[in-house]
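These notes are about the structure you will find just below.
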Amino acid sequence: MATEKPVTEQYQADAFSRRKDDLLVIHDLHTHFFTPDGVVRALDGVDLRLKKGTTLGLVGESGCGKTVLALSILRLIQDPPGRIVKGSIIFEGTDLLGLDEQEIRKIRGNKISMIFQEPMTSLNPVFTIGAQIAEVILLHQRHRASTKGQAMDMAVEMLKMVGISSPARRINDYPHQLSGGMCQRVMIAMALACRPSLMIADEPTTALDVTTQAQILCLMKDLKDEIDTSILLVTHDLGVVAQSCQEVAVMYTGNVVEYALVEDIFALPLHPYTKGLMRAIPRIGARQEGKTLHAIAGNVPTVRDMPKGCTFHNRCPEVMDICRTEYPPVFRPKADHVVRCWRYVN
Amino acid sequence: MENLLQVRGLRKSFAIRSGIFRKTTGHVQAVDGVDLDVHPNETLGLVGESGCGKTTLAKIILALERPDSGSVVFDGTDIHSARGQALEHVRRGIQVIFQDPFGSLNPRKKVASIIAEPMIIHKVGSKAQRYDRSAELLKLVGLSTDMLGRYPHEFSGGQRQRICIARAMAVNPRLLVCDEPVSALDVSIQAQVINLLVELQAELKLSYIFISHDLSVVGYISHRIAVMYRGQIVELADAQELFDNPLHPYTRCLMDAVPEPVPGKIAAAAHVRGDEDSVLFPARGCAFGSSCPYREEPCTREKPVLAEALHGHYVACHQHIPPDEQA
Ligand SMILES: Nc1ncnc2c1ncn2[C@@H]1O[C@H](COP(=O)(O)OP(=O)(O)OP(=O)(O)O)[C@@H](O)[C@H]1O
Ligand SMILES: Nc1ncnc2c1ncn2[C@@H]1O[C@H](COP(=O)(O)OP(=O)(O)OP(=O)(O)O)[C@@H](O)[C@H]1O
Ligand SMILES: [Mg+2]
Ligand SMILES: [Mg+2]
């Protein structure tokens, strides 16, 4: 990709001046991985805004860069091989990319907390879950619990909140003694304990059954209502998005290709990729009627076969000539709805 | 119909320890008397709340965990007493895809050797043949073959799950136990993987035990569905029948909590969590007990057993007395 991506003036202005209540503004973020096989442009010019007290759903194909985006915000990208090469992440007015290690550490877990995608590997196997939650509380919530005993009591309270029965006993368990969903809830408890102003939740309910999921989503909503937390909710479950998000960003190969209010994206998805996602939702009993699920043809391109022009063009049912050669800029067919697709050129 | 897998009376409990001396202070009854059959070429869905024992049940079926009591018979062989050739036959015949795609891939191995692992364990093919087969399998699950030389950490969660599927298929199993195989995947890849599993089933006459919390996925892929609650199967029926006519109150709670892809439509955040300690000290009656809106006197006294309430539709609930016992 030799040509610089055109970014419409309009969108730029939109991203930076219009909304005063933005908590997080990400602009032109590039995070790359330098591997022996070549450079993986995991994030390739991401623009994103998150309002105070809003839940933004981040959806997109596996491998499109959702986790890398989440980790970039917290500056947790492992270097080497990864590096944030360009862009800005303005959080409460400061560019997180300009902070030194000590300053960013103060923000992590305090103002921004994260629920990781793989709870089993994010919990420390040699400490009990109680000790791990208590540690977080002592580290970030000194004013609410100053002794180990108080922190442990709070930990029990937190476990109860996320629906783990017999929390006072469970607190002595090690991660391997818990089920997948229970580990995930421990992670959620730790993130909630920090009462952050931004919570990044990477697939927080993936390992949970629907009833527990409903309960967790409810908890996150309560936190949002109570202390005006903004939530960046990474998920692939469009049902969850419909229920708990106000805004949605759809990602594809390292970029946001559509961004809209939740009602709009369900009522009238614009990007052909988003349309494909909507059609792929399984319906109960459809197999018995002999229907295969609608899947978007082809695969996510890899570094080596990244197509020229729009990176979706070789899978796109609505492809046009220009898509094969020119990377699409951002268009704004209507207020609060942006899309990176040549179909909407005027 | 001949059963490929027959599970009878399985029980498994874990000790809970506390304090600095790690004294045993109680037990979790993870699997509490489970009977199940899996037919050839069938998908049996298994759903239930987090922590209800699905993975433990799967592990026992895979002989990774010994039950306290009960038996698992695969293709005529009792898997927990099998030795030598018979055990090898079972081990090859049942493969697994686990819930956590990262934990189940060795970070120090390249994709090619990860996929070849079961072939090495079961001594299948030459090195070159195994490599070719790995390439073929990778394509089968929709990844490109130039990924063979990479390490797991270079892949996203979803990509790793597809590697797991490729690995599971390597030795042509007859039964694939899938523990949340698509919950880490976005809908479009999920659709690809499910279509792939359906295709493989038609082609190779495979059976699946498909564990998932996503009812629409389970409802799509399964022929029959078992609903599990606190270690027990509380309802079992054909997929469509279960959705059309859920009998157990817990099953109804599950159905109500499914988030529909319709903005503004809020699913009921069902409160199905029961008494504080009922997992650890199961009461005498129904495990769903205090969460149940229809609870009546017999429910607190007696544990309901799974019985056929309608043709081919089993439920463990005092509300649904089998027709032949109705006066
Ligand atoms: N350490 C790394 N080295 C090389 N490439 C990496 C590394 N980490 C991530 N990538 C690549 O970056 C891209 C984005 O990965 P990421 O984990 O963000 O995907 P994701 O959108 O979270 O997917 P999923 O839904 O499957 O979790 C992928 O193509 C992945 O292969
Ligand atoms: N090794 C172990 N030691 C102690 N307790 C265990 C162990 N393995 C599982 N358990 C307990 O057994 C119960 C069932 O766990 P299991 O992993 O089977 O649940 P699950 O249905 O798979 O849940 P999920 O949907 O969250 O994965 C849980 O209460 C768990 O804490
Ligand atoms: Mg991810
Ligand atoms: Mg499990």
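Please treat every number below as a calculation from the coordinates, not as lab data. Predicted model, so just to flag it, every value in this text is computed and none were measured. A quick note on method: Cβ atoms are made from the backbone with ideal geometry, for glycine too, and the neighbour counts reach across all protein chains shown.
Brief remarks follow.
- Two-site label geometry, A:ASP100 and A:ARG144: point separation in nm, points 7 Å out along Cα→Cβ: 3.1 nm
- Axis angle, to the nearest 10 degrees, between helix A:129-140 and the longest C-alpha principal axis of chain A: 80 degrees.
- Per-residue ellipticity at 222 nm computed for the protein assembly as shown from its helices equals -9000 deg cm²/dmol, with DSSP H segments shorter than 4 residues left out and the rest contributing -39,500 (n - 2.57).
- Top of A:THR229, A:THR211, A:THR31 by mean-square fluctuation, Gaussian network on chain A, Cα under 10 Å: A:THR211
- Cα pair distances exceeding 42 angstrom across the protein assembly as shown, given as percent: 25 percent
- Taking the convex hull of the alpha carbon positions in the stretch A:120-193 and averaging its projected area over all directions gives 4.2 nm².
- Average beta carbon contacts from partner chains per residue of B:252-263, 10 Å cutoff: 6
- Crossing angle, helix A:180-193 versus chain A [Cα axis fit, 0-90 degrees, rounded to tens]: 80 degrees
- Between A:ALA260, A:ALA189, A:ALA131, the GNM of chain A built on Cα springs shorter than 10 angstrom shows A:ALA131 fluctuating the most.
- Rounded to the nearest 20 debye, the dipole size of the protein assembly as shown about its Cα centre is 1660 debye, using +1 on the Cβ of Lys and Arg and -1 on the Cβ of Asp and Glu.
- All C-alpha pair distances within chain B, sorted into 10 Å bins from zero, spread as 5, 24, 32, 24, 12, 3, 0 percent across the bins.
- Among A:PRO307, A:PRO80, A:PRO167, the largest mean-square fluctuation in a Gaussian network model of chain A (Cα springs under 10 Å) belongs to A:PRO80.
- Alpha carbon convex hull of the stretch B:39-106, volume per residue in cubic angstrom: 130 Å³
- Of all DSSP beta bridges confined to the protein assembly as shown, the antiparallel ones make up roughly 65%.
- Farthest toward positive dipole pole in the protein assembly as shown [+1 Lys/Arg, -1 Asp/Glu at C-beta], among A:VAL39, A:ILE73, A:GLN184: A:VAL39
- For chain B, the longest principal axis of the C-alpha atoms and the axis of helix B:127-140 are separated by about 50°.
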